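Enquirer: Mind having a look at this structure? Questions to follow.
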Amino acid sequence: MIEKVNPIILTDNETGKKYTLDFDRATVKRIERNGFALADCERFPSLYEDLFYFSFLKNHEREVTRKKTDALLESLGGIADAPEGLFPRLVDLYVQTFKTLDDEKNVRVTVEL
């Protein structure tokens, strides 16, 4: 059994607002429609900015803009100086959800040809 990866909790110390960073199937599909491919992150580290932004959308889409997430990331030191483990954990959260895309939960329709 694969161990569950817990979401990341980020607190904006200026406002006290807590953000839960995580993915669901809709946000994984959305980031991929925008051209994100995990394999490209090694060649283009700036793609981690996209991963960071999209991790907010599952729980905070209506309240967080890209400008806000970019500012939060910058306050963490940007991609280069972000807290150790932040981006590997985001990748784990993304992969955990990505693996569910082919699950056949609650299939309501059967097709016979």
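Enquirer: Output the direction-averaged projected area (hull surface divided by four) of the convex hull of the alpha-carbon atoms of the range 8-98, in nm². Walk me through the numbers before you get to the answer.
Expert: Working: hull surface 22.0 nm².
Here the figure is 5.5 nm², rounded to one decimal.
Enquirer: Dipole of the chain (Lys/Arg Cβ +1, Asp/Glu Cβ -1, origin at the Cα centre): which of THR20, LEU113, ILE9 lies farthest to the positive side?
Expert: The residue sitting most towards the positive pole is LEU113.
Enquirer: Would you be so kind as to identify which of PRO83, PHE98, THR69 lies farthest towards the positive end of the dipole of the range 59-106, taking Lys and Arg as +1 and Asp and Glu as -1 on Cβ and the Cα centre as origin?
Expert: Of the options given, the answer is THR69.
Enquirer: Relative contact order for the chain: what percent, with Cα pairs under 8 Å and sequence separation of 6 or more?
Expert: For the chain, the relative contact order is 32 percent.
Enquirer: If exposed means no more than 16 neighbouring beta carbons inside 10 Å and the site is in a DSSP loop, what's the longest run of the chain without any exposed trypsin sites (Lys or Arg not before Pro)?
Expert: 63-98
Enquirer: To the nearest 10 degrees, how steep is helix 86-98 against the longest Cα principal axis of the chain, on a 0 to 90 scale?
Expert: Orientation of helix 86-98: about 10 degrees from the principal axis.
Enquirer: Oh, and also: At what distance in nm do the modelled label points of GLU61 and LEU113 sit from each other, each positioned 7 Å from its Cα along Cα→Cβ?
Expert: So the two model labels end up 3.1 nm from each other.
Enquirer: Taking a cut-off of 21 Å between Cα atoms, list the lysines near LYS68, but don't count ones fewer than 8 places away on the same chain.
Expert: Hits, sequence-local ones excluded: LYS17, LYS18, LYS58.
Enquirer: Under a point-charge model restricted to the Cβ atoms of Lys and Arg (+1) and Asp and Glu (-1), what is the dipole moment magnitude of the chain relative to its Cα centre, in debye to the nearest 20? Spell out each step's value before the answer.
Expert: On the way: 17 positive and 21 negative charges, 86 e Å.
Using only the charged Cβ atoms, the result is roughly 420 debye.
Enquirer: At 0.36 nm per residue, minus the direct Cα-Cα distance, what do ALA39 and PHE87 gain on full extension? Give it in nm, one decimal, please.
Expert: Here the answer is 15.9 nm.
Enquirer: If you don't mind, there's one more thing I want to ask. Return the long-range amide H neighbours of TYR19 (sequence gap of 5 or more, or a different chain), with a cut-off of under 5 Å between placed amide H atoms.
Expert: LEU10, THR11, ASP12
Enquirer: Which three numbers, in whole Å and largest first, are the semi-axes of the equivalent ellipsoid of the range 1-55 derived from its Cα gyration tensor as √(5λ)?
Expert: Semi-axes, largest first: 22, 16, 12 Å.
Enquirer: Rounded to whole Hz and in sequence order, give me ³J(HN,Hα) for the range 77-84 from the Karplus expression 6.51 cos²θ - 1.76 cosθ + 1.60, θ = phi - 60°, writing x for Gly and Pro.
Expert: After applying 6.51 cos²θ - 1.76 cosθ + 1.60, I find x, x, 5, 5, 10, 4, x, 4 Hz.
Enquirer: Same structure, new question: Can you give me the angle between helix 47-60 and the longest principal axis of the chain, using Cα atoms only, in degrees from 0 to 90, rounded to the nearest 10?
Expert: Tilt of helix 47-60: around 70 degrees.
Enquirer: Note down the nm distance, to one decimal, between modelled labels 7 Å out along Cα→Cβ at ARG30 and at ASN13.
Expert: That separation, rounded to one decimal, is 2.9 nm.
Enquirer: At a Cα cut-off below 17 Å, give the aspartates and glutamates reachable from LYS99, other chains included and same-chain residues fewer than 8 away excluded.
Expert: Output for LYS99: GLU3, ASP22, ASP24, GLU32.
Any read-out appearing in this document is the output of simple, stated calculations on the displayed coordinates, not a laboratory observation. Keep in mind that what you see is a predicted model, and the values were worked out from it rather than measured. All Cβ positions, glycine included, derive from the backbone under ideal geometry; neighbour counts span all protein chains shown.
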